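Read-outs: derived from the displayed coordinates by stated rules, not from any lab. Predicted model only: the values in this text are computed from it and were never measured. As a convention, Cβ positions derive from the backbone with ideal geometry for all residues, glycine included, and neighbour counts pool all protein chains shown.
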Amino acid sequence: MSGYVYDYDTERPIKNVQIDINENTTKTDSAGYFSIQVKTNKSCKILLRKSGYAAKRINRSPDSLGAFSKRNLNKVRIYLFNKNSDFHQ
């Protein structure tokens, strides 16, 4: 799985976001980019955390063929809400 993490309000990339997917962990780079190995035949729980931002949880399930489609796993765009944002609840 790979993709980018952005600030919802500014649309700027967020560096050093911790991304936990099942037992694997990685962090975004200065461009907000991350890449992490995911078993394609299993569901996964994705947790994104960064100080000053609301944590985000995403649950993904394999498609009907028993695997994730490449469209679902490559170059995803994920947005986090800054805790000071008007949209943060």
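Under 5 Å between amide hydrogens, built in the peptide plane, is the criterion, and for residue 53 it picks out 83 among residues at least 5 positions away or on other chains.
Structure note, pairs 15/83; 50/83; 15/42; 50/75: Cα-Cα distances above 18 angstrom occur for 15/42; 50/75. By other beta-carbon atoms within 10 Å, ranking 26, 10 with the fewest at the front produces 10, 26. If you take all other residues with their beta carbon under 9 Å from the beta carbon of residue 45, and give Lys and Arg +1 and Asp and Glu -1, the sum is +1.
Distance between the 7 Å Cα→Cβ label points at residue 29 and residue 55: 2.8 nm. Each of 11, 23 has some number of other Cβ atoms within 10 Å of its Cβ, and from fewest to most they run 23, 11. Projected onto their three principal axes, the Cα atoms of segment 1-55 cover extents of 35, 19, 15 Å, largest first.
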